[in-house]
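What follows is a short report on a single structure.
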């Protein structure tokens, strides 16, 4: 790099970070925090503002529920953000995989292993729950494999066709779901072990005495576990290095002799499987499923991937938490505006940072 | 003369011209050629959706902007009309107020969407519009004291457009094509009887009047769009579609053109929504704002042929006929298949959309230019050195 380019580079760097000019006072530190860690800044803002409008006990319950919802949405959204980031494939049929997972899980719970999920002991319940989640994962993954081969493969690199073909594929999948499981909604009773709530002991100030629903805690734990696992795979393993490199510059990875199509296929299948897992979790959360549930969740998923920045797992995680929280807070204050608030959050973030919170690829 | 009306963009294919002529005649003489309310409402919907899909094609086919908010603008028109007549009574002032209010709201919203999309990559526009349209749908469903929620609103049309109004005193007669054709096949020897049976009485009321208003509006909008896409403005849109960067380099402010296309298309969709409310006289979230309707619009546009306005006419006619009559056909199939199996489920009349979805995906792969594009390619091949 020549000296001239270096000075130009420095200049543009300075222009991009005007808060550096403020010096080292608290205001400057706040501005730096806002610009460099926008996800944490927004999360803090999101959690603090409602605290003035809602009493602390309710706030704590809402926050936990919001985290639970965020965790489930994260499961569904993570696959789509990677697919988009890695191969530039916009898969609008992602919602259909969510529905598919929900129906597959529900089949195991309510038909095949009905006796186990009705029992009240945790261990017996687990005999039904784990296969249900596993089956949802497997079915969605397998169909994802077929879907990639049959529907998406011929239209790489053409966004318009991808949108058209995946919308068509989504119609076909949803119709097939209705062929197999019938057009009516299906009730999915939550297994007994997951019902009920923990009561926080009164000794703890502020949040003492509140009831935390078990299922929501489990959803949060599962979401964190998957997030942890994904971060580990992406950050620490060889496959992860290749995925990150592929998101950054696909051709360069190909030049080095790696078969990025195979890698992408793996990511797509994993993403579909995770969508299925999220769908199954959502089925047990809502306790009723319809074929079109995926379409409704798809909106949250889209908001999440735009919020987080394409291709970024971390951004996706924070985006999902933000969407979950705003849904619950606004849903409590004014239930009719929950969906509008979610979309409003997206529009606001786009105005502030068009790239999303933690962009990985250059848009 | 003819060239001037079509803005120099003629069908350029004999079969296509024939199909379009059939559609035109069927629509123009509709109430006199088809008996029964089902056929009548199908005809009305074809007129309305030609406007919807043709204006969608301006974005999708001519500029390659994928928007999922088209039903939102359609719904704004329909709800605007319903709310205005609800509040001001069934007179023509209410219609004017509803139309003006709905169009104003659409212009503002589409301008905002256009400006928002400037800040993000083109592909984001699809996602952003999808989310915004969903928020609008949920708002319309939730604010039931204004919109009637899931139950929707009845539209109180002026007496002149309702079934009680009789513009003519004399009795009119129509000739039912369906009866005639089926008679021709079943009892060809008895031609006189068949001819006599085919004649039916037409009760020309305000509803038929409204149908003709919609027909004329949709014809005018179609010709207007044809003029538009063949004007310098339309050429710039197509240049943006082919290579946005290059269009920019040539000195066109592509952002301005893209936003203008979005706004024009939104206004026309609103107009179609207004007509829909007046013809259907009942609006609810499902028949105006639903995501499924958006997918239908996309299907009609692509199957007919993106980037050819004639394609939207063909696509609309084909899709709405399929929607209304493919179920009957599948019922015939279903009668042949033994009950209870997976096969029976696959051809159940309710699953017509499955077959349309398969058709859609296959047509994107094998006929990416749609019916009209393919017809044009074939007739191009027939006369290579023309």
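Every read-out reported here was derived from the displayed coordinates using simple, explicitly stated rules and does not represent laboratory data. A quick note: this is a predicted structure, and the numbers were derived from the prediction, not measured. Reconstructed Cβ throughout: ideal geometry from the backbone, glycine too, with neighbour counts over all protein chains shown.
Taking every C-alpha pair closer than 8 Å and separated by at least 6 residues, the mean separation divided by the residue count of segment A:54-352 gives a relative contact order of 39 percent. Per residue, the average separation of C-alpha pairs within less than 8 Å and at least 6 apart gives segment B:183-265 a relative contact order of 14 percent.
Panel note: the C-alpha atoms of segment A:54-352, placed on their principal axes, show extents of 62, 47, 38 Å (largest first).
Structure remark: mean-square fluctuation, Gaussian network model of chain B, C-alpha springs under 10 Å; the largest value among B:314, B:358, B:202 belongs to B:358. Fully extending the segment from residue B:154 to residue B:111 would add 12.5 nm, taking 0.36 nm per residue of separation and subtracting the current Cα-Cα distance. For segment B:162-290, the convex hull drawn through the C-alpha positions has a volume of 197 cubic angstrom per residue. The separation of segment B:116-180 from segment B:42-87, counted between C-alpha centres, amounts to 8 Å. Remark: the residue B:377-residue B:169 segment gains 69.9 nm on full extension, using 0.36 nm per residue and subtracting the alpha carbon distance. Taking the square roots of five times each eigenvalue of the Cα gyration tensor of the protein assembly as shown, the equivalent ellipsoid has semi-axes of 47, 32, 28 Å, listed largest first. Among B:169, A:295, B:290, the order by Cβ neighbours within 10 angstrom, fewest to most, reads B:169, B:290, A:295. Per residue, the average separation of C-alpha pairs within less than 8 Å and at least 6 apart gives chain B a relative contact order of 30 percent. Of the residues B:115, B:237, B:195, the one that moves most in a GNM of chain B with alpha-carbon contacts below 10 Å is B:195. As a proxy for reagent exposure, ranking A:170, A:272, B:363 by other Cβ atoms within 10 Å from fewest up yields B:363, A:170, A:272.
Listed from fewest to most Cβ neighbours within 10 Å, the set A:316, B:47, B:26 follows the order B:26, B:47, A:316. Centre-to-centre separation between the Cα atoms of segment B:88-107 and those of segment A:296-325: 38 Å.
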